1. Between a first residue in segment 105-126 that is loosely packed, with under 15 Cβ neighbours inside 10 Å and a second residue that is assigned to a helix (DSSP H, G or I) and at pLDDT below 95, which pairs have beta carbons less than 8 Å apart while being 6 or more apart in sequence or on different chains?
2. Checking residue 107 against (1) modelled with pLDDT of 95 or more; (2) in contact with a helix residue (DSSP H, G or I) (Cβ under 6 Å, 6 or more places away or on another chain), only one condition comes out false. Which one?
3. For segment 27-48: of the residues being more than 22 Å from residue 115 (Cβ to Cβ) and aliphatic (A, V, I, L, M), which is surrounded by the most Cβ atoms within 10 Å (Cβ to Cβ)?
4. For the subset of segment 74-124 comprising residues that are outside any helix (DSSP H, G or I) and among the small types (Gly, Ala, Ser), which member is farthest from residue 26 (Cα to Cα)?
5. Checking the condition closer than 24 Å to residue 25 by Cα, out of contact with any Leu (no Cβ under 8 Å at 6 or more places or on another chain) and without any contact (Cβ under 8 Å) to a residue 12 or more places away in the chain, which residue from 150, 193 passes?
6. Six or more apart or on different chains, Cβ atoms under 7 Å: show the pairs whose first residue is in segment 78-90 and more than 20 Å from residue 23 (Cα to Cα) and whose second is at pLDDT below 90 and not in a loop (DSSP other than H, G, I, E, B).
Amino acid sequence: MSLYSRLSAEDKLSKGYMRYLAIFAVLVIPTYTFLFGTKESPFYFTLSMIGNLVEYRTGFIIWGVVTGLLITFYVYRLYVLKAFQHRKAKKLLFGSLMFLVLTVIIPAVEELPFLKKLHAVMAVLFALSLTASLYLFIRFLGQIDQQITVRSTWMLFTIVGVSVGLFFLLGNTGIFELFFFFSLSLFLILLKVWLRPYQSKL
């Protein structure tokens with residue numbers, strides 16, 4: 001086998017491996033979130049409430065780091081495949097990872113009110129940064145297909161709107177958090193499917 005053929009085969013294997021890793025990521029995000037978020041009743045406990053119980057503290061940090069890395073990997077891969085070079089969008093994406101990690105590290109207990117508020121701020125910044133980054137990407141996709149931009153924008157804003165609505169309707173429970181991560185995963189899957197006709201290796 002020639003050197004060129006060998007490098008070509010390794011390149012294909014690498015791309016195939018990355019596709020499988022992306023599939024793994026988008027399946028693990030909602031599954032891991034559900035498994036952790038149902039350790040206690042999500043109708044009474046948020047992810048943070050569960051994660052700040054002594055027995056689940058380490059697990060909460062691991063969940064946050066793993067989930068944040070998987071989301072960042074999956075979304076950044078989409079950006080690379082579509083040659084999306086928007087610096088602000090990338091900064092927002094990596095910022096969302098940082099905010100999620102800070103969210104799970106900072107304790108949210110009544111005895112430490114300042115840290116509890118800071119924890120809540122980090123959680124909000126995570127959602128806002130990720131949403132803003134995805135929105136910039138969606139706008140960019142209008143150059144490929146305006147319909148993708150319209151559908152994606154509606155779905156992204158629906159996810160955010162319903163999540164906020166569930167928060168106000170059901171109060172500070174885990175339901176709105178589970179909905180956000182589940183619907184976000186579905187959105188990322190659909191976005192990839194919608195882009196498939198325009199990218200043979202997506």
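1. Note: pairs meeting the criteria are 109/115; 109/116; 110/116.
2. (1)
3. 29
4. In this case the residue turns out to be 108.
5. 193
6. Short answer, once both residue conditions are applied: none.
This table checks each residue for (1) over 14 Å from the mean Cα position of the chain (by Cα); (2) modelled with pLDDT under 95; (3) within 28 Å of residue 103 (Cβ to Cβ).
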residue: 127; (1), (2), (3): no, no, yes
residue: 135; (1), (2), (3): no, no, yes
residue: 138; (1), (2), (3): yes, no, yes
residue: 145; (1), (2), (3): yes, yes, no
residue: 149; (1), (2), (3): yes, yes, no
residue: 158; (1), (2), (3): yes, no, yes
residue: 162; (1), (2), (3): yes, no, yes
residue: 165; (1), (2), (3): yes, no, yes
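The values are calculated or read from the model by the stated rules, or taken from the named source; none is laboratory data. Since this is a predicted model, take the numbers as computed values, not measurements. Neighbour counts are summed over all protein chains in view; Cβ atoms, including those assigned to glycine, are modelled from backbone coordinates with ideal geometry.
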